[in-house]
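Everything on this sheet refers to the single structure shown next.
The values are calculated or read from the model by the stated rules, or taken from the named source; none is laboratory data. Worth saying up front: this structure is predicted, and the values here are computed from it rather than measured. Cβ placement follows ideal geometry from the backbone for every residue including glycine, while neighbour counts extend to all protein chains displayed.
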Amino acid sequence: MSRTPYIAANWKMNKTVAEAEEYIQALLPKVGAIDDVEIVVCPPFLALQAMVDSARGSSVQIYAQNMHEGDEGAFTGEVTAGMLTEIDVQGVILGHSERRQYFNETDEALARKVPAALGAGLEPILCVGENESQRDADETEAVLTRQIQADLAEVPDARLSEVVIAYEPIWAIGTGRTATPDQAQEAIALIRGLIEGRSAEAGAAIRILYGGSVKPDNAAELISQPDVDGALVGGASLDPGDFAAIVRAAA
Ligand code: PEP
């Protein structure tokens, strides 16, 4: 089965609304002619509305970096899926390792967040990945298995292929230590096998990205691996020229 390549920019806590606006105006002409890659940009919440408006009618989709699983309530500082879809946000990153590490996002919460996003019509990008000591202790397979099973437990098999998974080894995020193409392929093939275990059809269709120090000069080799369907890009996505180069590498 052929899967459309997918490249997503995770800006994290970077760029004001004015900077975001400048970025999208620079990016759109660079990627306008590329119609065989799904292109996603995930700015901070405050820039979402401006980015959605500027990207409307283009091939660039705008996603959030987090959401709460509930519909409303006393959860200071949080936003709901419905608040995101009201302004035409199309998807959301869930379970990024920084949210797991610094904001105590648990697999139990993710088991509620992923179906809540799908239920609201948002495409979730679910991030999973092992840390360095887990890799050194040969626990990568166990960690990925636990995360995938727990985080997708409440997603029906028929909707699994609507989730995008990002394999992001924590030791490779923001460190400049990219996983080798073989390491990325091996972990992503394992994740695909776990999805196939639930539904052969979903396993063949689901997009699984690699994330961790992807740059214009290493993107093509990573993405050319048979099970690697694209990339979730942090640092290198902050420059529209570098991000466009990574999108071109996937085209
Ligand atoms: C990320 O945070 O999702 C990421 C992959 O970051 P970087 O590309 O900077 O390693």
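So which residues in the range 135-151 are basic (K, R) and more than 19 Å from the chain's Cα centre (by Cα)? Working first, answer last.
Filtering the range 135-151 down to residues basic (K, R) leaves 135, 146.
Selection gives R135 alone.
Return yes when V52 is more than 13 Å from the chain's Cα centre (by Cα), closer than 30 Å to P226 by Cβ and either surrounded by 15 or more Cβ atoms within 10 Å (Cβ to Cβ) or not aromatic (F, W, Y) (or both) and no when it is not.
Here the answer is no, as V52 does not meet what is asked.
Of the residues A202, A245, only one is small (G, A, S), within 16 Å of the ligand (Cβ to nearest atom) and either in a helix (DSSP H, G or I) or under 19 Å from Y63 (Cα atoms) (or both); which? Break it down stepwise before answering.
Values: A202 fails: within 16 Å of the ligand (Cβ to nearest atom).
The match here is A245.
Out of E130, E139, E168, report the one residue that is more than 29 Å from G70 (Cβ to Cβ), of a type in the set (D, E) and either modelled with pLDDT under 95 or within 16 Å of the ligand (Cβ to nearest atom) (or both). Talk me through it step by step, then tell me what you get.
Details: E139 fails: either modelled with pLDDT under 95 or within 16 Å of the ligand (Cβ to nearest atom) (or both); E168 fails: more than 29 Å from G70 (Cβ to Cβ).
Answer to the selection: E130.
For the range 38-45, check the following and say yes or no: at least one residue is charged (D, E, K, R) and surrounded by fewer than 18 Cβ atoms within 10 Å (Cβ to Cβ).
Here is the first cut: in the range 38-45, the ones charged (D, E, K, R) are 38.
Filter once more, so that each one left must be surrounded by fewer than 18 Cβ atoms within 10 Å (Cβ to Cβ): none.
No, the range 38-45 has no match at all.
Quick check, is L160 within 24 Å of V214 (Cβ to Cβ) and in contact (Cβ under 8 Å) with a residue 24 or more places away in the chain?
Working: within 24 Å of V214 (Cβ to Cβ): no; in contact (Cβ under 8 Å) with a residue 24 or more places away in the chain: yes.
For L160, the condition - within 24 Å of V214 (Cβ to Cβ) and in contact (Cβ under 8 Å) with a residue 24 or more places away in the chain - is not met.
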